[in-house]
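Notes follow the structure.
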Amino acid sequence: MNEEYDVIVLGTGLTECILSGIMSVKGKKVLHMDRNSYYGGDSASITPLEDLYKRFSLPGTPPESMGKGRDWNVDLIPKFLMANGQLVRMLLITQVTRYLDFKVIEGSFVYKKGSIYKVPSTETEALASSLMGLFEKRRFRKFLVFVANFDENDPKTMEGVDPKKTTMREVYKKFDLGQDVIDFTGHAIALYRTDDYLDQPCLDTINRIKLYSESLARYGKSPYLYPLYGLGELPQGFARLSAIYGGTYMLNKPIEEIIVENGKIVGVKSEGEIARCKQLICDPSYIMDRAKVVGKVIRVICILSHPIKNTSDSNSCQIIIPQNQVNRKHDIYVCMISYAHNVAAQGKYIAIASTTVETNDPEKEIKPALDLLEPIEQKFVSISDLYAPTDLGTDSQIFISRSYDATTHFETTCDDIKDIYKRMTGTDFDFAEMERKKNDIFGDGGDQ
Ligand SMILES: *[C@@H]1O[C@H](CO)[C@@H](O)[C@H](O)[C@H]1NC(C)=O
């Protein structure tokens, strides 16, 4: 090594890989290293199934009924992509889509009083839904029409609502919507994790509902996409991209020292050699003294031999349990994928439940989700600390990503990427400017 780089990146989680890809495309000289022998760090996809058993220290090997170990790619942190969301835009900007095949998730569901229902987000679905009574449906339909027509540049569409002043609580009141409708709108459509948004100006919520509806309109069954063979394909796609732009990826590189002089990063030492750099991007595990614990998340990976009840036998789906429905502060999420996305053996399903930990008994907290999944063939439980940087990099030029939260979509990860980008370059991440070419993510003649 002993070379000089613009940017050194440590860790191959998605945040690091996307930033590394964007910096390469922008013409920066990038060196990307990971201490592990595999891509993905904490958010790796584990294959074969034997490795998952080892990782969770389960005794023995998977039973024969699990099929071939190599048919499994189990995400440690599963997330879906919104079809019109920020990650898809980033994949299109960097053209990593050419290395990936996506398939739409078959359903999006929400929990109400012990049962699950399809999330209605179009007028037709609202009218057909058994989630609401007749009058509630009509009011919800009016609300959806209002949101769809809302244009922040055209006061005529606002019906007296001020996007920067009127709170979302007031908007719900204007349409006379009840608590259950507010719960699923805020949590299963607008994808908020808590109820704090209710007292904020309504524009962000309106835009989130539009994102959901427009993503749904794109492929029909749900607003979510997921790559064939699992999320592990994403970092690998970025590694290939980086190679095209002259970047260097190295796995299996122990990091001995992060060298800081006069409060500023100068380089990284690995296997006795120093690579110099002007900026460093890394996940918190590489530099614990510049990060702090901001919470905990519990995730339970469950292997099933059946689709989840009351999901019309979907081979993949998301279920959101709004916090209010189970007397909590944070939502509980379930992501389910299966052999249909080439991540499990034939006839097998992987459901991953996750939530932010609020008590000393996290397994009890997540039980309402596990109850929906029974019978569960095998469970893998993890409780992890969530880290956030204490050093924002202004002086040190060290930029640390946040741990992946409990949400089952990538919108918060993308917010972190945009935030780091802004701190690194001093300019906003401007999608419009970066979108050289807008393709359908499936490319030509792709599979849905
Ligand atoms: C499934 O649907 C049945 C019939 O509508 C209902 O009685 C039951 O409560 C539902 N269960 C769940 C978990 O949604």
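If the condition is being outside any strand (DSSP E or B) and within 16 Å of the ligand (Cβ to nearest atom), then the range 100-120 contributes K113, G114, V119, P120.
Can you confirm whether V326 is more than 27 Å from P62 (Cα to Cα) and either within 16 Å of the ligand (Cβ to nearest atom) or of a type in the set (F, W, Y) (or both)? Considered against the rule, which asks whether it is more than 27 Å from P62 (Cα to Cα) and either within 16 Å of the ligand (Cβ to nearest atom) or of a type in the set (F, W, Y) (or both), V326 comes out as yes. Being in contact with a helix residue (DSSP H, G or I) (Cβ under 7 Å, 6 or more places away or on another chain) and at positive phi is a property that D183 lacks.
If you go through the range 46-67 one residue at a time, do you hit one that is assigned to a strand (DSSP E or B), within 30 Å of T248 (Cβ to Cβ) and away from the ligand (no atom under 16 Å from the Cβ)? Give the derivation first.
As a first pass, look at the range 46-67 and keep what is assigned to a strand (DSSP E or B): 46.
Still in the running and within 30 Å of T248 (Cβ to Cβ): 46.
Subsequent filtering for residues that are away from the ligand (no atom under 16 Å from the Cβ) retains 46.
Yes, because at least one residue in the range 46-67 is assigned to a strand (DSSP E or B), within 30 Å of T248 (Cβ to Cβ) and away from the ligand (no atom under 16 Å from the Cβ).
For the range 1-45, residues that are among the charged types (D, E, K, R), modelled with pLDDT of 90 or more and not in a strand (DSSP E or B) total 5.
Evaluation of P284 against the conditions (1) away from the ligand (no atom under 16 Å from the Cβ); (2) farther than 30 Å from Y197 by Cβ; (3) not aliphatic (A, V, I, L, M) shows that the sole unmet condition is (2). Here the range 217-234 is the region considered, the condition is being part of a helix (DSSP H, G or I) and closer than 15 Å to F102 by Cα, and the residue that is nearest to the chain's Cα centre (by Cα) is L234.
Taken together, the residues in the range 181-204 that are within 18 Å of H330 (Cβ to Cβ), touching a residue at least 24 places away in the same chain (Cβ under 8 Å) and assigned to a helix (DSSP H, G or I) amount to 10. Just the residues that are on the phi > 0 side of the Ramachandran plot and away from the ligand (no atom under 16 Å from the Cβ), please, taken from the range 287-315. The one that is on the phi > 0 side of the Ramachandran plot and away from the ligand (no atom under 16 Å from the Cβ): G295.
For the range 121-144, filtering for residues that are away from the ligand (no atom under 16 Å from the Cβ) and assigned to a helix (DSSP H, G or I) leaves 16. Screening T390 against (1) surrounded by fewer than 16 Cβ atoms within 10 Å (Cβ to Cβ); (2) under 17 Å from the mean Cα position of the chain (by Cα); (3) not hydrophobic (A, V, I, L, M, F, W, C) leaves a single unmet condition, (2). Of the listed requirements (1) surrounded by fewer than 23 Cβ atoms within 10 Å (Cβ to Cβ); (2) in contact (Cβ under 8 Å) with a residue 12 or more places away in the chain, T359 misses just one: (2). Within the range 104-124, residues that are within 15 Å of F80 (Cβ to Cβ) sit with their Cβ atoms under 6 Å from residues that are part of a strand (DSSP E or B) and more than 15 Å from the ligand (Cβ to nearest atom), at 6+ positions apart or across chains, in these pairs: V104/L225; I105/F80; I105/Y224; I105/Y226.
Scanning the range 334-347 for any residue that is among the polar types (S, T, N, Q), within 16 Å of the ligand (Cβ to nearest atom) and surrounded by 21 or more Cβ atoms within 10 Å (Cβ to Cβ) turns up nothing.
The values are calculated or read from the model by the stated rules, or taken from the named source; none is laboratory data. As the structure is a computational prediction, the values presented were derived from the model and not from experiment. Backbone-built Cβ (ideal geometry, glycine too); neighbour counts: all protein chains shown.
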